[in-house]
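Read-outs throughout are calculated quantities, based only on the coordinates presented, and are distinct from any laboratory measurement. For clarity, every value in this text was computed on a predicted model and none was experimentally measured. FYI the Cβ positions are ideal-geometry reconstructions off the backbone, even for glycines, and counts take in every protein chain you see.
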Amino acid sequence: MWIKNAPVALALAVAVLSSWTAAQAQGGAPAPIVIKFSHVVAPDAPKGLAAERFRVLAEQMTKGRVKVEVYPNSQLYKDKEELEALQLGAVQMLAPSLAKFGPLGVKEFEAFDLPYIFPTKAALYAVTEGPIGKSLLRKLEPKGITGLAYWDNGFKVMSADRPLRTPADFHGLKMRIQGSKVLDAQMRALGAVPQVLAFSEVYAALQSGVVDGTENPPSNMYTQRMHEVQKYVTVSNHGYLGYVVIVNKKFWDGLPRDIRTQLEAALREATTFEKAIAQRDNDRALEAIRRSGKTQVTTMTPQQQAEWRRALLPVQKQVEGRIGKDLIDAINRTTSE
């Protein structure tokens, strides 16, 4: 795949590191090391706010030796492009959703897309912050990627141009998904027709009727104004959307040890901040969607949720061969403890 400006960006990245090394050797003040941090969501979404917090902290903690440039809203790359751009060195840092790693060849990350596999945030964090989460990050290294932290964007709602109360209501709907085989299986289990689209294209696709509906945490839906072109939202909390903060491994390993330590400390603080605001922002976004009067918000009854769970539970069995039965079993054990 052709990546726009990749050769130029890679040359610039090499030049920045070379100038730092040359200045260091001459005993002068080195030029700042530039980290381009690209993401696809709005600046005021939880990920966008956390990226900005990391920028401020990184520059403070390194005393200006690092300059972080944040590019939100797919300014540099769309979903499918950004991982390749990172591997090429055109950008140094991303925070892609967990679903993005399946197409890269690390299919185990698609376990996070399994419907209803995380009953609570505490159960989720037991996975991401425990041995399972750490082992998954290590699987990125052969791809030239270093995984640094998990960021959170909460549980998803379903939206469409008609009410979604039972699995039968999905029949025939064209539902936008990320490029995940698990999400594909999820929508098919509900009787919908999954459509893979870049995040930046979803609003226009909903507006024009190219797709009928989608799934998202409320904060993504509201900051991208998707509620303006969707008549109904169901608070299903059926799936989880999270991210991994990643860096180009060669770039990261080539940083001076003290700078890497300072950046790790900045990221820890930014991660704590991100987790604190994610649920708050989703709650506020859902309330704002309600108040807008453009979208009818439905909260599921326990009976409806049980019916959705029954319809979606077979997805785990369907994707065992792709994700790994042992991993799915380990997650289920961890989340039930």
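A few points about this structure:
- Amide H contacts under 5 Å for Ile145, placed H, 5+ residues apart: Lys249
- Straight-distance crosslink candidates among lysines, where the alpha carbon sits under 23 Å from Lys156 and sequence neighbours closer than 8 are dropped: Lys47, Lys78, Lys80, Lys100, Lys107, Lys121, Lys174, Lys181, Lys231, Lys275, Lys294, Lys317
- Of all aspartates and glutamates in the structure, those lying under 13 Å Cα to Cα from Lys250, and not within fewer than 8 positions of it along the same chain, are Glu141.
- For the range 255-295, the fraction of alpha-carbon pairs lying more than 11 Å apart is 69 percent, rounded to a whole number.
- Going from the residue with the fewest nearby Cβ atoms within 10 Å to the one with the most, Val70, Val244 rank Val70, Val244.
- In terms of surrounding Cβ atoms within a 10 Å radius of their Cβ, Asp44, Asp258, Asp212 rank from fewest to most as Asp258, Asp44, Asp212.
- In the elastic network of the chain, a GNM with C-alpha springs shorter than 10 Å, the most mobile of Arg53, Arg257, Arg225 is Arg257.
- Close amide H partners of Val34, meaning residues 5 or more places away or on another chain with modelled amide H under 5 Å apart, are Lys67.
- Cross-link partners for Lys134 among the aspartates and glutamates, with Cα-Cα distance under 12 Å and sequence neighbours closer than 8 places in the same chain left out, do not exist in this structure.
- Which of Gly133, Ala122, Val56, positive extreme of dipole for the range 45-146 (C-beta unit charges): Val56
- A simple packing score, the average count of other Cβ atoms within 10 Å per residue, orders the peptides 268-279, 314-325 as 268-279, 314-325, with the highest score first.
- In order along the range 133-149, the Karplus-derived 3J(HN,Hα) couplings, from 6.51 cos²θ - 1.76 cosθ + 1.60 at θ = phi - 60°, round to x, 5, 5, 5, 4, 5, 5, 7, 4, x, 8, x, 10, 10, x, 10, 6 Hz, and Gly and Pro are given as x.
- Most mobile of Gln92, Gln60, Gln186 in a GNM of the chain (Cα contacts under 10 Å): Gln60
- In terms of other Cβ atoms within 10 Å, Lys36, Lys47, Lys67 run from fewest to most in the order Lys67, Lys36, Lys47.
- Cα gyration tensor shape of the range 165-209, rounded if a/c is under 1.5, else prolate or oblate by comparing a/b with b/c: oblate
- From phi via Karplus (6.51, -1.76, 1.60), per-residue ³J(HN,Hα) for the range 43-54 in Hz, x at Gly/Pro: x, 9, 6, x, 5, x, 5, 5, 4, 5, 4, 4
- Dividing the convex hull volume of the alpha-carbon atoms in the chain by its residue count gives 125 Å³ per residue.
- The chain, dipole about Cα centre (Lys/Arg Cβ +1, Asp/Glu Cβ -1), debye to the nearest 20: 60
- Listed values for the range 207-215 are Karplus-derived 3J(HN,Hα) couplings in whole Hz (6.51 cos²θ - 1.76 cosθ + 1.60, θ = phi - 60°), namely 5, 8, x, 4, 10, 8, x, 6, 10, and x replaces Gly and Pro.
- Rounded if a/c under 1.5, otherwise prolate or oblate - the range 220-337, Cα gyration tensor axes: oblate
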